[in-house]
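Step one of this worksheet: look at the structure below.
The values are calculated or read from the model by the stated rules, or taken from the named source; none is laboratory data. No experiment lies behind these values; they were computed from the predicted model shown. Note that each Cβ is placed from the backbone with ideal geometry, even for glycine, and that neighbours are counted across all protein chains shown. Ligands, DNA and RNA are stripped out before the accessible areas are found, and what is left, the full protein with its side chains, is counted by its heavy atoms. Shrake-Rupley method; radii C 1.70, N 1.55, O 1.52, S 1.80 Å.
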Amino acid sequence: AALGATRKNVRSSSLKKLVIHASDFDDDGLLSLVEGMANCVNLEHLDLDGNDQITEIGLSALSDLFRSKKFYLQELDLSYMAIHDDGMICLAAGAASIMTLKSLDLSRNAFGDEGLQAMAVGLSNSKNLESLNLSVNGPFSAIGLRSLSDMIPAALKVLCLASNGINDEGLQALAVGLGKHITIETLNLSGNEIGSAGVRALTAAEITSLRSLGLASNAIDDEALKVLVEGIETLSIETLNLAMNNMITSSGLAVLTPIFRRKSCSLKKIDLDPTNIGDSVAKDFAEGLVRNESL
């Protein structure tokens, strides 16, 4: 009865936002919903997150609906749905047809390189996508990340790739494409396996539009931190997250002091928690911060 009422409600052509969160929807439920959504030509926001019983059958039906090109969706949330590679392949063709899409959340699913490659191809011609969240999937290797690198949507501003098992080789593959885009403002790479080689590739890409960089819980040590500091001197990063990089020592943190002292320092927020700064480095930080006008 509840499903029937939902389907009846979504038949309205004036509906702009539809949220069905963790409602134990299965394929039958989604097929019924898709039938009811056929006339929702003004739907802008669709949130199905947490419905992890849906398989490729339901996802194919949803993709077919998107391919009908009747929709002007701007936000699509399909997180927490246990979508594997086959499901992502089903979705990719439909996603490619939503030219108005601005935000896509595919985080906390279960797809790897194959699904990433399919979605990268599907989104390659997207002219309006500004935010893409792929966090907590994978692991993504250099193979999948190279595909994403080659096909990053032109207008993308926010890219979240946290906890995807990305290592230095993977970031090196991704960085090639990132360097060609002048729109990326936020890049979240926290919770991966990135060390000095990956950091070097990232800074060498010279992403001049970048304002927020997340590298928490990686393999950042003193050498990687030094590489990062040297590489971002010419960038305008305002927020830098280095928390939970336990290989950074007190002496390694000393390389940050010159940044704080620069009048041209763009940093407004830096997260180093929990890091043993030490009395000597803390004193240097304090002296640098006295002269800093941004933090």
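Assorted remarks:
- Number of residues in region 1-22 that are modelled with pLDDT under 85 and either loosely packed, with under 14 Cβ neighbours inside 10 Å or not hydrophobic (A, V, I, L, M, F, W, C) (or both): the value is 12.
- Conditions (1) open to solvent by less than 20 Å² (accessible area, probe 1.4 Å); (2) not in a loop (DSSP other than H, G, I, E, B); number of the one not met by Ala197: (1)
- Residues that are open to solvent by less than 60 Å² (accessible area, probe 1.4 Å) and among the hydroxyl-bearing types (Ser, Thr, Tyr) within region 217-264 comprise Ser217, Ser236, Thr239, Thr249, Ser250, Thr257, listed in sequence order.
- Flag for Glu293 being open to solvent by 50 Å² or more (accessible area, probe 1.4 Å), at pLDDT 85 or above and of a type in the set (Asp, Glu): no
- Matching residues, region 164-190, being open to solvent by 30 Å² or more (accessible area, probe 1.4 Å), closer than 20 Å to Glu238 by Cα and assigned to a loop (DSSP other than H, G, I, E, B): Gly179, His181, Ile182, Thr183, Glu185
- Per this entry, Asp49 is counted among residues that are modelled with pLDDT of 95 or more and touching a Phe, Trp or Tyr at 6+ places or on another chain (Cβ under 6 Å).
Results for (1) out of contact with any Gly (no Cβ under 8 Å at 6 or more places or on another chain); (2) in a strand (DSSP E or B); (3) modelled with pLDDT of 90 or more, shown as yes or no for each residue.
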| residue | (1), (2), (3) |
| --- | --- |
| Leu202 | no, no, yes |
| Ile207 | no, no, yes |
| Leu235 | yes, no, no |
| Met244 | yes, no, yes |
| Ser250 | no, no, no |
| Cys265 | yes, no, no |
| Pro274 | yes, no, no |
| Glu287 | yes, no, no |
